[in-house]
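The values are calculated or read from the model by the stated rules, or taken from the named source; none is laboratory data. Predicted model, so just to flag it, every value in this text is computed and none were measured. Counting neighbours? That spans all protein chains shown, and the Cβs are built from the backbone with ideal geometry, glycine included. Just so you know, the surface numbers come from the protein's heavy atoms only, side chains and all, with ligands and any DNA or RNA stripped out. Shrake-Rupley method; radii C 1.70, N 1.55, O 1.52, S 1.80 Å.
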Amino acid sequence: MIDLALLRDEPELVRRSQIARGNAPETVDAALEADRSRRSALSAFEELRAEQNAFGKTVAKAPKDEKAALVAQAKQLADRVKQAQQAAGAAAEAAASALDRIENVIIDGVPAGGEADFVELRRVGDVPAFDFEPRDHLELGELLGAIDMERGAKVSGARFYFLKGIGARLEIALMNLALDKALQNGFTPMIVPTLVRPEIMQGTGFLGEHADEVYHLDKDDLYLVGTSEVPLAGYHKDEILDLGDGALRYAGWSTCYRSEAGSHGKDTRGIIRVHQFNKLEMFVYTTPGEAEAEHDRLVALQEEMLTALGLAYRVIDVAAGDLGSSAARKFDIEAWVPTQGAFRELTSTSNCTTYQARRLDVRYRPASDAAGETVKTTNVATLNGTLATTRWIVALLETHQQADGSVTVPEVLRPYLGGIDVLRPLGWTPPADEGEA
């Protein structure tokens with residue numbers, strides 16, 4: 001849920017955020033009323049319970065000849081306490097439901113609107129130009145013996161694939177490059193669970209309007225994660241963190257699963273939109289005051305990766321209606337895909353402020369104030385961002401392709417591929433004047 005103090009003290013701010021996201025502003029009024037009802041019902045219950053406790057002492061001290069009547073009164077009071085407790089519980093559930101419809105309050109400056117209303121912040125790199133008809137990533141992948149969609153569909157169905165040979169090596173190289181980048185910048189590497197409990201998925205905000213995109217195992221009541229953001233957000237659930245030495249930064253390596261509900265007919269060719277992929281995800285716990293600066297640092301790391309890989313890209317400020325419930329601001333980086341003549345998303349980086357931490361009860365204790373008094377604990381801020389994922393192969397193959405179907409390996413990746421500088425099509429032989437390769 002959002003900060004209740006913010007909702008009560010600045011409802012207009014919350015209302016503007018809901019409107020910018022495309023949500024009904026009446027959700028704010030409903031949440032305020034539900035919160036008032038919850039507090040009123042809880043107060044009534046607590047007053048009755050206090051009365052019951054005091055009356056119990058009266059009964060215990062009463063003369064024997066008065067106890068029978070007092071016990072009857074105590075029973076009636078107990079029934080009223082039980083009813084008040086049930087009413088308080090129902091009011092609490094209603095309030096939780098109403099508050100759950102209030103998404104994280106956006107940061108000032110986030111563009112209003114939906115998916116198409118993003119603001120482009122900058123473009124970096126030169127869009128590749130070819131003096132031949134470029135092949136798409138799937139055709140290149142098949143020539144290289146790197147991608148097998150046909151057998152992926154045979155084994156698992158549509159939107160599954162095999163990466164094999166140099167394709168498998170290329171993904172592992174990308175992930176290891178990203179892992180080294182993370183290590184150089186103070187991230188702790190993590191191999192995370194990919195099945196999580198409902199309260200963890202709910203706490204991160206993934207069981208809202210997009211719940212149909214998440215795979216659920218009914219038998220075990222566990223969810224398959226679509227990003228290691230989820231288990232990393234739950235890693236410190238119900239804990240008080242020590243941020244005295246700075247932010248806690250994790251880099252989670254995991255397989256990710258997404259049902260791609262609602263994407264029928266979109267990106268059905270190749271590995272742009274698939275049900276299973278690998279990803280290295282940055283996740284940060286920091287103080288609310290440092291969150292926006294940390295957000296910029298995460299984007300900078302992503303840009304360093306894409307620049308080193310020789311990809312042309314743009315950075316966009318995602319519109320409020322396309323943020324998802326948890327993010328207060330999100331920057332996407334989209335790389336140029338030549339055969340589509342368009343920029344396609346490779347990374348997302350979100351500042352979730354205290355929204356996830358509030359739901360998962362992750363807190364920290366600020367430093368003592370000027371008078372030396374201990375300060376109460378408060379919720380941390382959480383951020384997440386992609387540092388490498390399977391989809392990057394699409395832009396890499398298409399951007400660095402050559403006329404014969406070979407692909408130049410960016411220099412930064414060559415040490416992770418045993419020094420290979422060019423990926424060659426299967427059966428390739430060098431021209432006679434070049435000798436043996």
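Computed quantities for the displayed model
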{"quantity": "Restricting segment 222-266 to residues that are of a type in the set (Asp, Glu) and over 14 Å from the mean Cα position of the chain (by Cα), the residue that is nearest to GLU294 (Cα to Cα)", "calculated": "ASP245"}
{"quantity": "Tally of residues being out of contact with any helix residue (DSSP H, G or I) (no Cβ under 6 Å at 6 or more places or on another chain), surrounded by 20 or more Cβ atoms within 10 Å (Cβ to Cβ) and in a loop (DSSP other than H, G, I, E, B) across segment 325-348", "calculated": "3"}
{"quantity": "3 or more residues over 20 Å from the mean Cα position of the chain (by Cα) and closer than 26 Å to TYR223 by Cα: qualifying helices (runs of 4 or more DSSP H) within segment 130-209", "calculated": "149-156"}
{"quantity": "Segment 280-295, residues that are open to solvent by 10 Å² or more (accessible area, probe 1.4 Å) and aliphatic (A, V, I, L, M)", "calculated": "ALA293"}
{"quantity": "Any hit, segment 411-425, residues being assigned to a loop (DSSP other than H, G, I, E, B), open to solvent by less than 10 Å² (accessible area, probe 1.4 Å) and either at pLDDT below 95 or of a type in the set (Gly, Ala, Ser) (or both)", "calculated": "no"}
{"quantity": "ALA24 vs. criteria over 25 Å from ASP361 (Cβ atoms) and outside any helix (DSSP H, G or I)", "calculated": "yes"}
{"quantity": "Single unsatisfied condition, LEU13 versus (1) of a type in the set (A, V, I, L, M, F, W, C); (2) over 17 Å from ALA88 (Cβ atoms); (3) open to solvent by 30 Å² or more (accessible area, probe 1.4 Å); (4) without any contact (Cβ under 8 Å) to a residue 40 or more places away in the chain", "calculated": "(4)"}
{"quantity": "Near pairs, Cβ below 6 angstrom, 6+ apart or cross-chain, from segment 126-154 (within 15 Å of THR408 (Cα to Cα)) to any residue that is among the acidic types (Asp, Glu) and assigned to a helix (DSSP H, G or I)", "calculated": "HIS137/GLU398"}
{"quantity": "Residue within segment 349-369 that is part of a helix (DSSP H, G or I), of a type outside the set (Asp, Glu) and open to solvent by 10 Å² or more (accessible area, probe 1.4 Å) present", "calculated": "yes"}
{"quantity": "Failed item, numbered, when ILE191 is tested on (1) hydrophobic (A, V, I, L, M, F, W, C); (2) free of Cβ contacts under 8 Å to residues at least 60 places away in the same chain; (3) open to solvent by 40 Å² or more (accessible area, probe 1.4 Å); (4) under 30 Å from PRO415 (Cβ atoms)", "calculated": "(2)"}
{"quantity": "Criterion (crowded, with 18+ Cβ neighbours inside 10 Å and among the aliphatic types (A, V, I, L, M)) met by exactly one of ALA96, ALA91", "calculated": "ALA91"}
{"quantity": "Segment 37-57, subset out of contact with any helix residue (DSSP H, G or I) (no Cβ under 6 Å at 6 or more places or on another chain) and small (Gly, Ala, Ser), residue most open to solvent (accessible area, probe 1.4 Å)", "calculated": "SER40"}
{"quantity": "Residue in segment 384-393 that is in contact (Cβ under 8 Å) with a residue 24 or more places away in the chain and farther than 20 Å from LYS181 by Cα present", "calculated": "no"}
{"quantity": "Residue among GLU150, GLU171 that alone is at pLDDT 95 or above, acidic (Asp, Glu) and open to solvent by less than 30 Å² (accessible area, probe 1.4 Å)", "calculated": "GLU171"}
{"quantity": "Test: residue in segment 296-307 that is touching an Asp or Glu at 6+ places or on another chain (Cβ under 8 Å) and surrounded by 21 or more Cβ atoms within 10 Å (Cβ to Cβ)", "calculated": "no"}
{"quantity": "Pair list, Cβ < 7 Å and 6+ apart or interchain, from segment 69-82 residues that are closer than 12 Å to THR58 by Cα to residues that are surrounded by 12 or more Cβ atoms within 10 Å (Cβ to Cβ)", "calculated": "LEU70/THR58; LEU70/VAL59; LEU70/ALA62; VAL71/VAL59; ALA74/PHE55; ALA74/GLY56; ALA74/VAL59"}
{"quantity": "Among residues of segment 376-390, those that are crowded, with 23+ Cβ neighbours inside 10 Å and closer than 25 Å to ARG159 by Cβ, counted", "calculated": "5"}
{"quantity": "Answer from ALA233, ALA247 - the residue that is in contact with a Ser or Thr (Cβ under 6 Å, 6 or more places away or on another chain), under 21 Å from GLN202 (Cα atoms) and of a type outside the set (S, T, N, Q)", "calculated": "ALA233"}
{"quantity": "Residue selected from segment 195-247 under the condition crowded, with 20+ Cβ neighbours inside 10 Å and polar (S, T, N, Q), by the criterion nearest to GLY262 (Cα to Cα)", "calculated": "THR227"}
{"quantity": "Test: residue in segment 162-180 that is among the aromatic types (Phe, Trp, Tyr) and out of contact with any Lys or Arg (no Cβ under 6 Å at 6 or more places or on another chain)", "calculated": "no"}
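Listed here are the residues, each with its yes/no results for (1) surrounded by 14 or more Cβ atoms within 10 Å (Cβ to Cβ); (2) at pLDDT 90 or above.
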position: ASP3; (1), (2): yes, no
position: ARG21; (1), (2): yes, yes
position: THR27; (1), (2): yes, yes
position: ASP35; (1), (2): yes, yes
position: VAL59; (1), (2): yes, no
position: GLU66; (1), (2): no, no
position: ALA78; (1), (2): yes, no
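Matching residues to (1) touching a strand residue (DSSP E or B) at 6+ places or on another chain (Cβ under 6 Å); (2) without any contact (Cβ under 8 Å) to a residue 60 or more places away in the chain; (3) on the phi < 0 side of the Ramachandran plot; (4) not in a helix (DSSP H, G or I):
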site: SER259; (1), (2), (3), (4): no, yes, yes, yes
site: HIS264; (1), (2), (3), (4): no, yes, yes, yes
site: GLY270; (1), (2), (3), (4): no, no, no, yes
site: LEU280; (1), (2), (3), (4): yes, no, yes, yes
site: ALA300; (1), (2), (3), (4): no, yes, yes, no
site: LEU306; (1), (2), (3), (4): yes, no, yes, no
site: ARG314; (1), (2), (3), (4): yes, no, yes, yes
